[in-house]
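The values are calculated or read from the model by the stated rules, or taken from the named source; none is laboratory data. In this text the structure is predicted, and so the values were computed from the model without any measurement. Virtual Cβ from ideal backbone geometry, glycine too; neighbours counted across all protein chains shown.
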Amino acid sequence: MRARRRGRGAVGLLGAFALSLGLVSGASVLAPAPAAADSCYTWGQTLSQGDSGSDVRELQVRVAGWAASGDPVNIDGAYGPETANAVERFQRGYGLSVDGVAGPETYGQIYDLQDADCTPAHFAFSEFTSNDGSGFSGGNTSTSNVRTNVLRNMWKLEALRHKLGDRPLYVSSGFRSVSHNDDVGGAPNSKHTYGTGVDLTGAPSLCDLAREARSSGFNGIIGPGASGHNDHTHLDTRSGRYWNAPNCF
Ligand SMILES: [Zn+2]
């Protein structure tokens with residue numbers, strides 16, 4: 001199914017590019033109309049430094065896991081150096097031409113990684129719902145904000161997973177309702193109650209997860225050696241940096 005979607009996308013996107021350049025014309029080319037490259041989001045133009053807008057924002061969400069160490073990509077719709085750097089790292093990570101410019105090849109790779117509900121291929125919303133059965137409700141922000149926050153973390157985790165050798169990552173706790181967070185002894189106002197925090201367990205190792213997370217867009221890292229974090233590595237998206245995994249780095 002993914003291959004079929006990508007195939008359609010490549011034709012549709014290249015067709016759209018060719019048309020925009022005025023290289024082709026005529027009914028035989030125009031019919032049938034190019035399908036959307038992806039049912040979630042389709043980019044219609046090449047983007048590079050200096051560009052801005054919602055299409056840049058959509059790109060930033062999907063490359064945020066390829067940030068330089070300690071220099072997260074702001075999801076602000078402005079294609080600055082951090083975004084260009086992340087696009088370069090994404091391109092290098094997937095064996096594409098490396099130029100920091102987002103064009104058909106980069107979009108094709110994103111479409112290939114993306115499921116119809118906009119989640120990356122190796123993660124699903126169901127892995128991040130509150131473990132007390134309350135879904136994404138009952139937190140410290142709206143259900144829709146939680147879904148947005150969870151989705152952004154999922155793209156970072158997709159990058160982390162790829163960098164760690166395409167090994168499955170195990171989410172032990174994603175979003176938590178306030179009551180569930182209280183039940184498990186989470187910090188008051190925990191990132192988990194916003195959907196911006198995620199706990200990982202298992203392979204490859206908690207320290208490998210913590211170390212690689214530094215260059216995967218996570219400003220919050222709490223892992224082995226930190227109080228209460230010897231059996232999981234906690235990652236979150238926050239504005240200021242807080243890295244605490246003394247047994248790892
Ligand atoms: Zn946590």
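Summary of computed values
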quantity: Condition check for G95: at positive phi and not hydrophobic (A, V, I, L, M, F, W, C); calculated: yes
quantity: Set H122, H180: member being away from the ligand (no atom under 16 Å from the Cβ) and not basic (K, R); calculated: H122
quantity: Top-ranked residue of region 236-246 - restricted to ones that are under 16 Å from the mean Cα position of the chain (by Cα) and more than 9 Å from the ligand (Cβ to nearest atom), ranked as surrounded by the fewest Cβ atoms within 10 Å (Cβ to Cβ); calculated: R238
quantity: Within region 201-235, considering residues that are within 11 Å of L160 (Cα to Cα) and assigned to a loop (DSSP other than H, G, I, E, B), the one farthest from the ligand (Cβ to nearest atom); calculated: S215
quantity: Which numbered condition S190 misses (of (1) surrounded by fewer than 20 Cβ atoms within 10 Å (Cβ to Cβ); (2) more than 19 Å from G217 (Cβ to Cβ)); calculated: (1)
quantity: Residue in region 99-107 that is small (G, A, S), crowded, with 18+ Cβ neighbours inside 10 Å and assigned by TED's automatic domain parsing to the domain that holds G165 present; calculated: no
quantity: Given (1) surrounded by 15 or more Cβ atoms within 10 Å (Cβ to Cβ); (2) out of contact with any Phe, Trp or Tyr (no Cβ under 6 Å at 6 or more places or on another chain), index of the condition V63 fails; calculated: (2)
quantity: Those residues of region 183-200 which are within 15 Å of T141 (Cα to Cα) and either part of a loop (DSSP other than H, G, I, E, B) or more than 14 Å from the ligand (Cβ to nearest atom) (or both), in sequence order; calculated: P188, N189, S190, G195, T196
